[in-house]
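The block underneath contains the structure these notes are about, expressed in structure tokens.
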Amino acid sequence: MAAPREVPERRPFGRRFLTDPARLFQHNAWDNVEWSEEQEASARSKVQENSSQLLPQDKQEEYEVNAKRYWDDFYKIHENGFFKDRHWLFTEFPELAPNRNPSQNGGSVHEFSNKKESNNEGLGSCENGHCSLETRAENQLNLLKSTPRIHTEELATQKDKELNQSDGGYPGSSASYRILEVGCGAGNTVFPILQTNNDPGLFVYCCDFSTTAVDLVQNNAEYDSSRCFAFVHDLCNDQSPFPMPDESLDVVILIFVLSAILPEKMQCVVNRLSRLLKPGGMILLRDYGRYDLAQLRFKKGQCLSDNFYVRGDGTRVYFFTQDELDDLFTTAGLEKIQNLVDRRLQVNRGKQMTMYRVWIQCKYRKPAAPQL
């Protein structure tokens, strides 16, 4: 089969070719699947069809103005639902735990997904454009503290003052390795990092547009304010300050986050995050790729602009190409370390359905300061 035109770089995982239909429903996922020209043409046709009717401008403005409320509602609905802790992070992004022994728990994204899919018939399905592989899984958030909640902004201000007093500076100012996760949601990345990375110099920041999401993180029994600082932040607001200074971070994580932002605001967001990195620091991204299953399942009337859609719950999502992401990061002054497409075939054995997922994974580094 012909390789897709937009995949100059291949994933470092082995391929499996689906030559025997009888084998199709004996397994759950194949990574690095090649697409035929017919498959790609069919996907392109579906996108042309579902984007032929754009939402009126006043409706588009309404979704932008009320974006925070839609994400708050999303996390209120799912706060006691199922969310996946991304233990694959440390194989795909070893920068998050540089001293980790590879034999520790948490296989690659492929190993982790395969194990769970065999026990979860619905995993990988899309509802309202939200694909459960990214947003839900088998680990229920049942560790919420029983103490009454403090409003997130008040709690953040209180902890900020405490940390400023103890550190004599900003939260985490005494740390030697600082990570920021943008769009932390319910903590599905933050808590695996805190559990896996035992570096005493580690400090993890995490923020989200949604107050409800940050409440979930701060009220989780595993939240440790001596190693983590969760705060509400609007990435698109230039006047909204970060709690740490420029050039203070070693890593910024963007996992299925940049795609939720209005496309014309993405460059400003990446520029802001780039300024936070130390020389040699990196942005790690994993997000939706063009012609992913979720994009193909949208109906007419849900398209906002080219490759940008609104889900049934009011949240929005964009589907990237590698070149688009490369332009965003290089314009912000970062240099490419990795930019690849992960095309995967998933099979729902119970319903005997095949599903093609397309994700893009990137690593971009801030150039080291020139030697004087």
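The values are calculated or read from the model by the stated rules, or taken from the named source; none is laboratory data. In this text the structure is predicted, and so the values were computed from the model without any measurement. So basically every Cβ, Gly included, is an ideal-geometry build from the backbone, and we count neighbours across all protein chains shown. Heavy atoms of the whole protein, side chains included, go into the accessibility calculation; ligands, DNA and RNA do not. Shrake-Rupley method; radii C 1.70, N 1.55, O 1.52, S 1.80 Å.
A few comments on the model shown:
- Residues of region 9-58 that turn out to be open to solvent by less than 90 Å² (accessible area, probe 1.4 Å), of a type in the set (A, V, I, L, M) and modelled with pLDDT of 55 or more, as a count: 5
- Members of region 216-244 that are in contact with a helix residue (DSSP H, G or I) (Cβ under 8 Å, 6 or more places away or on another chain) and in a loop (DSSP other than H, G, I, E, B): E222, Y223, D224, S225, R227, D234, L235, C236, D238, F242, P243, M244
- Residue that is modelled with the highest pLDDT [pool: residues in region 344-372 that are basic (K, R), farther than 13 Å from P279 by Cβ and assigned to a loop (DSSP other than H, G, I, E, B)]: R349
- Extreme residue, modelled with the lowest pLDDT, among residues of region 82-93 that are touching a helix residue (DSSP H, G or I) at 6+ places or on another chain (Cβ under 9 Å) and assigned to a loop (DSSP other than H, G, I, E, B): F83
- Output for region 227-258, where each listed residue is among the small types (G, A, S), over 18 Å from G333 (Cβ atoms) and modelled with pLDDT of 95 or more: A230
- Total residues in region 171-217, condition surrounded by fewer than 24 Cβ atoms within 10 Å (Cβ to Cβ), within 10 Å of R227 (Cα to Cα) and among the β-branched types (V, I, T): 0
- Taking the numbered list (1) buried (at least 18 other Cβ atoms within 10 Å of the Cβ); (2) modelled with pLDDT of 60 or more in turn, P4 passes all entries but (2).
- Within region 288-317, the residues that satisfy the criterion of being open to solvent by less than 40 Å² (accessible area, probe 1.4 Å), of a type outside the set (S, T, N, Q) and in a helix (DSSP H, G or I) are L293, A294.
- Residues in region 189-215 that are under 17 Å from the mean Cα position of the chain (by Cα), within 12 Å of Y75 (Cβ to Cβ) and not in a strand (DSSP E or B): F209, S210, A213, V214.
- Hey, F320 touching a residue at least 60 places away in the same chain (Cβ under 8 Å), within 20 Å of the chain's Cα centre (by Cα) and surrounded by 14 or more Cβ atoms within 10 Å (Cβ to Cβ) or not: yes
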